[in-house]
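Everything on this sheet refers to the single structure shown next.
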Amino acid sequence: MSDILRVLWTIVPRRVAPEPWLNCKRCRDSRPFRSSGKIRVNANGKRLDAWLIYKCTSCDSTWKRPILERRHVRTIDPHVLMSLHANDPEVAHRLPLDVGSLRCKVGLAEQSDDVVVRKEVRSESLTPARRLEILCAVPEGTGLRTDRLLAVGLGLSRSRIRSLQEAGHLAVFPEASRKRHSIVRNGMRVTIELSKIDDRDEIVMAAKGGSPAARY
Ligand SMILES: [Zn+2]
């Protein structure tokens, strides 16, 4: 029987809409703007413009983020057209998350490294596990550093992670992920030899679930 506890950590960015920093005319300064969730559509003959309305977080001045510009109605998917006209909350909610296109429009958008880590036990040993294996799934890129993930995810300090690594109790694969400032990659694997660690029970608990509200 295996005495390895295998867990899968899926790391996904916390879904926070990026707030573009724009020059606010009323504040006369650069301010973060937040999506109001409202879509405005203007039809001019067969051409159509649509914007998502953002508001200055200080003074409520508006900024119209272009979604469609002078588009011929026949070239627009009828479902998209309908949801734009209906101010479909689903569309209005999804658009502000679209960082890529926002960057193109304004050149500057905040993207948080804040992530959520979902932890699942893949296989558990009946006897106390001697080794812990953490497989990391990163379906979308994040800026999260490996040492930070391990420290928060296991409830340990970063210096403790380092000392476990130096003592050979903790190993990260592939080797490139062992570098000090490396970013968590999809498929990264971490093994911890539990038999030589005093606080193994706490580490095991944290690896399997821990505090779901932890901030990475
Ligand atoms: Zn303002």
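With respect to (1) in contact (Cβ under 8 Å) with a residue 24 or more places away in the chain; (2) within 16 Å of the ligand (Cβ to nearest atom), the lone exception for Ile53 is condition (1).
Where in the stretch 90-172 are there helices (runs of 4 or more DSSP H), lying wholly inside it, with at least 2 residues that are at pLDDT 75 or above and surrounded by fewer than 14 Cβ atoms within 10 Å (Cβ to Cβ)? Even if it seems obvious, please write down each step before you answer.
Details: elements: 99-106, 146-154, 158-166.
Where helices (runs of 4 or more DSSP H) fall fully within the stretch 90-172 and carry at least 2 residues being at pLDDT 75 or above and surrounded by fewer than 14 Cβ atoms within 10 Å (Cβ to Cβ), they are 158-166.
Against the list (1) surrounded by fewer than 16 Cβ atoms within 10 Å (Cβ to Cβ); (2) within 16 Å of the ligand (Cβ to nearest atom), the condition Cys24 fails is (1).
Close contacts from the stretch 57-71, counting a first residue that is within 16 Å of the ligand (Cβ to nearest atom) and a second that is part of a loop (DSSP other than H, G, I, E, B), with Cβ to Cβ under 8 Å and a gap of 6+ residues or different chains, come to Thr57/Glu19; Ser58/Cys27; Cys59/Arg26; Cys59/Cys27; Ser61/Lys25; Ser61/Arg26; Ser61/Cys27.
Hey, any hits in the stretch 28-35 for a residue that's away from the ligand (no atom under 16 Å from the Cβ) and not small (Gly, Ala, Ser)? I'd like the intermediate steps shown before the answer.
First, the residues of the stretch 28-35 that are away from the ligand (no atom under 16 Å from the Cβ): none.
Checking the stretch 28-35: not a single residue is away from the ligand (no atom under 16 Å from the Cβ) and not small (Gly, Ala, Ser).
The values are calculated or read from the model by the stated rules, or taken from the named source; none is laboratory data. Because the structure is predicted, anything quoted here is derived from the model rather than measured. Every residue, glycine as well, gets a Cβ built from its backbone with ideal geometry; the counts of neighbours run over all protein chains shown.
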